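The values are calculated or read from the model by the stated rules, or taken from the named source; none is laboratory data. Quick caveat, the model's predicted, so the values are computed rather than measured. Note that each Cβ is placed from the backbone with ideal geometry, even for glycine, and that neighbours are counted across all protein chains shown. These accessible areas exclude ligands, DNA and RNA; they are computed on the full protein's heavy atoms, side chains included. Shrake-Rupley method; radii C 1.70, N 1.55, O 1.52, S 1.80 Å.
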Amino acid sequence: MDKLRNRPADISSEEWDIRCDLAALYRLVAHFGWTDLIYTHISARLPGEEHHFLINDYRRMFHEMRASDLVKINLEGKKLDAESRPEQMVNRAGFVIHSALHTAREELTCIVHTHTKAGIAVASQRDGLLPMSQHALKFYNHLAYHTYEGIALDLDERDRLVADLGTSHRAMILRNHGLLVGGRTVPEAFDHIYFLERACEAQIAAQSGGAELVMLPDEEVRAHTASQFRHDEIPSYVDMAWMAALRLIDAENSDVWT
């Protein structure tokens, strides 16, 4: 797949490659129905000490996102291409959440935040994600929770987001709000949000049936399954799934890489 064929002359090949992957992830989130109009956000940090990162132009729906639509901002929320693209807008809550995690967890280069029905429903349950499915066990003992504080517009919430996520988790449920994951690459972030969303969907579907639920057996089995997921999270598997997923949006023949 030749992502670089439409690269503008003023954007490095490294940045354009990240832009193309991030735009494709926006399209995949739309494909799977994980959108909330324009009100959620996905970001990718660019290489370099400046911690610049890309986030969506607030005005666009996810199914129409292109590599050139992504906005490059710094940790103060300043648009770095404002002179050439003055019309672009950045979601304030998106800046608050993503700047916090890109600063504190440098290894998490891609952050995904969703407001799906199943995600919000599980986020509103006292016990959160239950150990009732294989998908859920991917996050067993590897899932953080953050208490709802209102719309994420206040900069001081960043410290609490970072503290709640901790230094090792890559997924967090935002209470009464939605889901948040981070990946070391864009494909890995896609892998995490796919499994977390599916785990929440399965939980809500099972609960809606009204029958008594069977939790997965015991601590040993739960921990073993979680460790198996950790073992399988190697780039070859994650990238193989990512390349397969790109065919769902026909990235090679669409305008996503423009």
All positions within the stretch 210-257 that are assigned to a loop (DSSP other than H, G, I, E, B), open to solvent by 50 Å² or more (accessible area, probe 1.4 Å) and in contact (Cβ under 8 Å) with a residue 24 or more places away in the chain: LEU213, VAL214, MET215, LEU248, ASP255
Boolean, VAL238 is touching an Asp or Glu at 6+ places or on another chain (Cβ under 8 Å), within 16 Å of HIS135 (Cβ to Cβ) and hydrophobic (A, V, I, L, M, F, W, C): yes
Qualifying residues in the stretch 165-183 (those that are at pLDDT 95 or above and surrounded by fewer than 17 Cβ atoms within 10 Å (Cβ to Cβ)) - the one farthest from ASP239 (Cα to Cα): ASN176
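Residue-by-condition table, conditions (1) open to solvent by less than 50 Å² (accessible area, probe 1.4 Å); (2) of a type in the set (Asp, Glu); (3) out of contact with any Leu (no Cβ under 9 Å at 6 or more places or on another chain); (4) within 18 Å of HIS115 (Cα to Cα):
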site: LYS3; (1), (2), (3), (4): yes, no, yes, no
site: SER13; (1), (2), (3), (4): no, no, no, no
site: LEU28; (1), (2), (3), (4): yes, no, no, yes
site: ASP36; (1), (2), (3), (4): no, yes, yes, yes
Any hit, the stretch 147-163, residues being part of a loop (DSSP other than H, G, I, E, B), loosely packed, with under 14 Cβ neighbours inside 10 Å and among the small types (Gly, Ala, Ser): yes
